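I have placed the structure first, in the form of structure tokens, so that the comments after it can refer back to it.
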Amino acid sequence: MINKAAELIRESSNPVVFSGAGMSRESGMRTFRGEEGLWKEYSPEQLSSISGLRADPELVWSWYRMRLIAGKNVVPHPGYYALTYLQEQKGHLPVITQNVDGLHRQAGQTDVMELHGSMRTASCIDKCGFSVHLTSELLRADPPVCPDCGAILRPDIVLFGEPLPPETISRSYELAEGCDLMIVIGTSVQVWPAAGIPFAALEGGAVIIEINPVQTELPHSDNVISIRRKAGEILPVLTGFKEKR
């Protein structure tokens, strides 16, 4: 199975990557569902919605500040660099991700569609046009406010109740429908509309190589190769990437 998957990757002329939270978790990034302690007392709507941010900006920014600090020293694992190596071999490798941590870009992937936005920047909640990279200094404000109009800043991620960015989701589906191979990594394939992307690839005639230690919603079929391993371990094997020591 591993040899077959490696052969398919070598022969592919138009591969696409689709990644989820499991890819980040291997690097030590804690996920929303896995947080413990104080934050269990609050609902997702309180901590990750526009209404929650307006109602209690100090609480919500305390939550995001904690997440940003926790992720500050998280670095891409070898699986990310294996994808960068594959990008170099193919000349181009679009990456569609449900993650907001920026690890794909940090590892060197250049064409990344962030379906749920990015934790690296913030913008004015009242949409005056102000946007800024999140720095340690800015995060010390409680809460950070827009210097242009005085409104609260919001992290540039898709919050509860908001649609995915139309241009991003549209291009992601176009890439899925036109690829000949999709590498699906660390996603349960349960959160829609993003979960439809691998199925769009299958309908377009692509083969899927799924890398996930656990069973997912992808079907058992000749066009789906499921490898129950961690991405950081198996992607270097599949791509031929050798980590520099």
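The values are calculated or read from the model by the stated rules, or taken from the named source; none is laboratory data. The structure presented is a predicted model; accordingly, all values stated were derived computationally and were not measured. Don't worry about glycine lacking a Cβ; one is built from the backbone with ideal geometry, like all the others, and counts go over all protein chains shown.
Out of P165, P147, P143, one residue alone is farther than 14 Å from W61 by Cα and over 19 Å from the mean Cα position of the chain (by Cα). It is P147.
The set of residues in the stretch 190-211 that are more than 20 Å from D180 (Cα to Cα) and surrounded by 15 or more Cβ atoms within 10 Å (Cβ to Cβ) is empty. Of the residues making up the stretch 158-179, those that are outside any helix (DSSP H, G or I) and surrounded by 14 or more Cβ atoms within 10 Å (Cβ to Cβ) are V158, L159, F160, L164, P165, C179.
W192 meets all of the listed conditions (1) touching a residue at least 12 places away in the same chain (Cβ under 8 Å); (2) assigned to a loop (DSSP other than H, G, I, E, B) but one, namely (1).
Of the residues screened, P143 is one that is assigned to a loop (DSSP other than H, G, I, E, B) and surrounded by 13 or more Cβ atoms within 10 Å (Cβ to Cβ).
Residues that are at pLDDT 95 or above, out of contact with any His (no Cβ under 7 Å at 6 or more places or on another chain) and not assigned by TED's automatic domain parsing to the domain that holds L134 number at least 1 in the following helices (runs of 4 or more DSSP H) confined to the stretch 27-117: 78-90, 103-107. When the residues of the stretch 212-226 are narrowed to those that are over 22 Å from K90 (Cα atoms) and of a type in the set (A, V, I, L, M), which ends up surrounded by the most Cβ atoms within 10 Å (Cβ to Cβ)? Among those residues, the one meeting the criterion is L218. For the stretch 207-228, the set of residues classified as touching a residue at least 60 places away in the same chain (Cβ under 8 Å) and assigned to a loop (DSSP other than H, G, I, E, B) consists of N212, P213, listed by residue number.
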